[in-house]
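Asker: Mind having a look at this structure? Questions to follow.
The values are calculated or read from the model by the stated rules, or taken from the named source; none is laboratory data. Because the structure is a prediction, the values reported are computed rather than measured. Heads up, the Cβs are rebuilt from the backbone with ideal geometry, glycines too, and the neighbour counts pull from every protein chain shown. Just the protein is used for accessible areas: all its heavy atoms, side chains included, with ligands, DNA and RNA removed. Shrake-Rupley method; radii C 1.70, N 1.55, O 1.52, S 1.80 Å.
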Amino acid sequence: MQYGRPVAILGGVRIPFCRQNTAYADVGNLGMSVRTLGALVEKYGLHGQQLGEVAMGAVIKHSSDWNLGREAALSSGLSPLTPGITMQRACGTSLDTIAYIAGKIGTGQIESGIGGGSDTTSDVPIVYGKALRHRLLRAAAGKTFKDKLAAFKGFRFGELKPDFPGVAEPRTGKSMGESCEDMARQWNISRDSQDELAVASHHKLAAAYARGFFDDLVVSFRGVSRDNILRPDSSIEKLATLKPAFDKTSGKGTMTAGNSTPLTDGAAACLLSTDEWAAAHGHEVLCHLRDVQVSAVDFVHGEGLLMAPTVAVAEMLKRNNLTLQDFDIYEIHEAFAAQVLCTLRAWEDESYCRQRLGLDAALGRIDPAKLNPVGSSLATGHPFAATGARIIATTAKQLKERGGGRALISICTAGGMGVVAILER
């Protein structure tokens, strides 16, 4: 998607990301979203202001959170006249909410808006099985006590067993980690290279915190002031002691808890506008969102589940007449170290680029020093619907620090999709 008028990124904010069942175990998506949006309102002096729209997302959410975006906006300090919407595309969710807001700004529908998301794997929706749900619905519809009682005829105690949210792909039955392990084998990604990427992510994130980079990006919540997944003392030697997390039987598993993102709770949001709205309200434009692309792969019939960003990036580069080397920053979501390394290897592979991406040659190699310069998901954690907004805010600030440049953002998602974007300053 390219925009009819410039879409400005003014910045963002997030709460620290925390490991499942720790600091935010009893908060839930709404509480995390309210804190995050409230902090964004405070940061940019938006109290009582009516924005064009607030778009928030969540992947794991309760049915009572039917419109998280609107409910969080009503508690954020914004004018209650600000509309809200809730969206979901697995790990790409908040990049999608930002693209949604950008689309409205770029086509002249609104002048300003917020995109973001939250996710919790601590407060998951646990429901009864289908049989008991049907009984309860029939009982609720019964007009007499006899009708209600009849709904439970033949009831078995086994029907009380709850259903938990699944992590496997419905089409293949494989978890994302199992699917990525297949990709690692296909692309010959070693355990050592995965551990090296993971350690680098922790060290870069720790260094960024130490120099104050996140002081205006991360707001404390529930007594936590920085991501509690971060391990500044992480090392290759320590990660080497971990056992495979997904392929535990073949003796060839390479993916561990150390080079994969843990289940995480958190929220993030970004403020977008036109240049004119930003100037009128006294806000600096950090960068512009130039383009967004979403693509998919046929993972059911053999393509790697998390390889869609390779396709999306190729399509977006072609549309913008750019090469893969025309970027100063590459922010590639670290769902798993193996996923990042598979993506990089595919872009360097001439056969893949010709046969799958329809190119004349390989996209080529990127400068590793430009990859995730302040750390990424392996160190911050990965609340599914918050990662995109985290990356946008982080990248926008990096471009400001540099005084200009171009950034490529790439996020893989469940369901065999990828969401990618270009930021420029």
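To keep it simple, each residue is scored yes or no on (1) free of Cβ contacts under 8 Å to residues at least 24 places away in the same chain; (2) in a strand (DSSP E or B); (3) open to solvent by less than 50 Å² (accessible area, probe 1.4 Å); (4) of a type in the set (S, T, N, Q).
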residue	(1), (2), (3), (4)
Leu46	no, no, yes, no
Gln49	no, no, yes, yes
Ala55	no, yes, yes, no
Lys61	no, no, no, no
Asp65	no, no, yes, no
Arg70	yes, no, no, no
Ala73	no, no, yes, no
Leu81	no, no, no, no
Ile85	no, yes, no, no
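Asker: Test of understanding: among Asp247, Asp195, which residue is surrounded by 17 or more Cβ atoms within 10 Å (Cβ to Cβ) and at pLDDT below 95? Step through it out loud before you land on a result.
Answerer: Working: Asp195 fails: at pLDDT below 95.
The match here is Asp247.
Asker: Does Asp96 qualify as being part of a helix (DSSP H, G or I), in contact (Cβ under 8 Å) with a residue 24 or more places away in the chain and either at negative phi or not acidic (Asp, Glu) (or both)?
Answerer: So Asp96 fits the description; yes.
Asker: Given the residues Ser122, Ser179, which is the only one that is closer than 24 Å to Asp96 by Cβ, surrounded by 18 or more Cβ atoms within 10 Å (Cβ to Cβ) and at pLDDT below 95? Write out each step before concluding.
Answerer: On the way: Ser179 fails: at pLDDT below 95.
Every option except Ser122 fails the conditions.
Asker: Which of the residues that make up segment 149-159 are part of a helix (DSSP H, G or I) and open to solvent by 80 Å² or more (accessible area, probe 1.4 Å)? First the steps, then the outcome.
Answerer: The first filter runs over segment 149-159 and keeps only residues part of a helix (DSSP H, G or I), leaving 149-150, 157-159.
Hits for segment 149-159 are Leu149, Phe157.
Asker: Kindly indicate whether Ile105 is touching a helix residue (DSSP H, G or I) at 6+ places or on another chain (Cβ under 7 Å), buried (at least 24 other Cβ atoms within 10 Å of the Cβ), at pLDDT 95 or above and over 29 Å from Gly223 (Cβ atoms). Explain how you work it out, then say what you get.
Answerer: On the way: touching a helix residue (DSSP H, G or I) at 6+ places or on another chain (Cβ under 7 Å): no; buried (at least 24 other Cβ atoms within 10 Å of the Cβ): yes; at pLDDT 95 or above: yes; over 29 Å from Gly223 (Cβ atoms): yes.
No.
Yes/no matrix, rows are residues, columns are (1) modelled with pLDDT under 95; (2) within 21 Å of Leu95 (Cβ to Cβ); (3) not aliphatic (A, V, I, L, M):
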{"site": "Leu306", "(1), (2), (3)": "no, yes, no"}
{"site": "Val313", "(1), (2), (3)": "no, yes, no"}
{"site": "Ala335", "(1), (2), (3)": "no, yes, no"}
{"site": "Cys342", "(1), (2), (3)": "no, yes, yes"}
{"site": "Ala369", "(1), (2), (3)": "no, no, no"}
{"site": "Arg390", "(1), (2), (3)": "no, yes, yes"}
{"site": "Thr394", "(1), (2), (3)": "no, yes, yes"}
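Asker: Can you find, within segment 108-119, the residue that is farthest from Val27 (Cα to Cα) among those that are of a type outside the set (S, T, N, Q) and surrounded by 24 or more Cβ atoms within 10 Å (Cβ to Cβ)?
Answerer: By that ranking, first place goes to Gly113.
Asker: With aromatic (Phe, Trp, Tyr) and under 21 Å from the mean Cα position of the chain (by Cα) as the only criterion, which of Tyr330, Tyr352 stands out?
Answerer: Tyr330
Asker: Taking segment 1-43 only, how many residues are over 16 Å from Val124 (Cβ atoms), part of a loop (DSSP other than H, G, I, E, B), open to solvent by 30 Å² or more (accessible area, probe 1.4 Å) and not small (Gly, Ala, Ser)?
Answerer: Qualifying residue count for the region: 4.
Asker: Right, here's the next one. Could you grab me the full set of residues in segment 355-398 that are in a helix (DSSP H, G or I), more than 15 Å from Ser201 (Cβ to Cβ) and open to solvent by 40 Å² or more (accessible area, probe 1.4 Å)?
Answerer: Gln355
Asker: Output the residues belonging to segment 293-340 that are part of a loop (DSSP other than H, G, I, E, B), buried (at least 24 other Cβ atoms within 10 Å of the Cβ) and small (Gly, Ala, Ser).
Answerer: Result: Ala335, single match.
Asker: Could you count how many residues in segment 160-173 are more than 23 Å from Tyr128 (Cβ to Cβ) and either among the aliphatic types (A, V, I, L, M) or open to solvent by 80 Å² or more (accessible area, probe 1.4 Å) (or both)?
Answerer: 1
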